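Only one structure is covered here, and it is reproduced in the block below.
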Amino acid sequence: MGRPSTKTDLLSAAVAGYEEMNQFIASMTEQELATPFAFDDTRKEAHWKRDKNLRDVLIHLYEWHQLTIHWIAANLNGEEQPFLPKPYTWKTYGMMNEFFWKKHQNTTPEEAKGMLADSHKQVMKLAEGFTNEELFTKGVYKWVGGSTLGSYFVSNTSSHYNWAVKKLKAHRKNCKAAFHV
């Protein structure tokens, strides 16, 4: 399926992506969970170096859910604010991700799982409260800018869950290569 462009597809993709991610996590061995992430340095995106374990991935998803929830709530209450909190911009959001990473270094993997489960439910409930037109028609909410509200939900649910699964699969592949040499 391509990128969701309807409310039905958004909700289905978010549920499917979340379930796939959780099934993959449940399939991870103790050895995979205990082994720190170590990706080769040829990958240019910062997250390949930033995230060191499952907790880091889950917290990243949780924090982006929080951005979505608070951004929508504030703007619906008439408090205009951009999606990214100050001082961050789309050019500097990597520093924000680093801040999230540092903030949660004492969060346990179990706490991270619970936090993400709760935030996923909140984001899904929030998305369900909008009509298809509110989600996928440009210009409905001026605070969304030139995009659609639905695109933010897609980016912070199904697309982000797919990112997490891809990263965890790459970690599993690294573990197999390291332990079966």
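The values are calculated or read from the model by the stated rules, or taken from the named source; none is laboratory data. Quick caveat, the model's predicted, so the values are computed rather than measured. So basically every Cβ, Gly included, is an ideal-geometry build from the backbone, and we count neighbours across all protein chains shown. The protein model used for the area step is the full one, side chains on, heavy atoms only, and it has no ligands, DNA or RNA in it. Shrake-Rupley method; radii C 1.70, N 1.55, O 1.52, S 1.80 Å.
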Quick one: count up the residues across the stretch 100-127 that are under 18 Å from Ile69 (Cβ atoms) and open to solvent by 100 Å² or more (accessible area, probe 1.4 Å). 3
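To keep it simple, each residue is scored yes or no on (1) under 24 Å from Asn97 (Cα atoms); (2) in contact (Cβ under 8 Å) with a residue 60 or more places away in the chain; (3) small (Gly, Ala, Ser); (4) part of a helix (DSSP H, G or I).
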position	(1), (2), (3), (4)
Leu10	no, yes, no, yes
Ala14	yes, yes, yes, yes
Gly17	yes, yes, yes, yes
Phe24	yes, yes, no, yes
Leu33	yes, yes, no, yes
Ala38	yes, yes, yes, no
Glu45	yes, no, no, no
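Please verify whether the stretch 34-54 includes one or more residues that are modelled with pLDDT of 95 or more and under 19 Å from the mean Cα position of the chain (by Cα). Quick ask: steps written out before the conclusion?
The first filter runs over the stretch 34-54 and keeps only residues modelled with pLDDT of 95 or more, leaving 53-54.
Next, from what is left, pick out any that are under 19 Å from the mean Cα position of the chain (by Cα): 53-54.
Within the stretch 34-54 (the criterion being modelled with pLDDT of 95 or more and under 19 Å from the mean Cα position of the chain (by Cα)), the answer is yes, since at least one residue qualifies.
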Would you mind finding the one in Ser151, Ser158, Ser147 that is of a type in the set (Ser, Thr, Tyr) and either closer than 20 Å to Ser27 by Cα or open to solvent by less than 20 Å² (accessible area, probe 1.4 Å) (or both)? Ser158
Quick check: anything in the stretch 58-78 surrounded by 13 or more Cβ atoms within 10 Å (Cβ to Cβ) and at pLDDT below 95? no
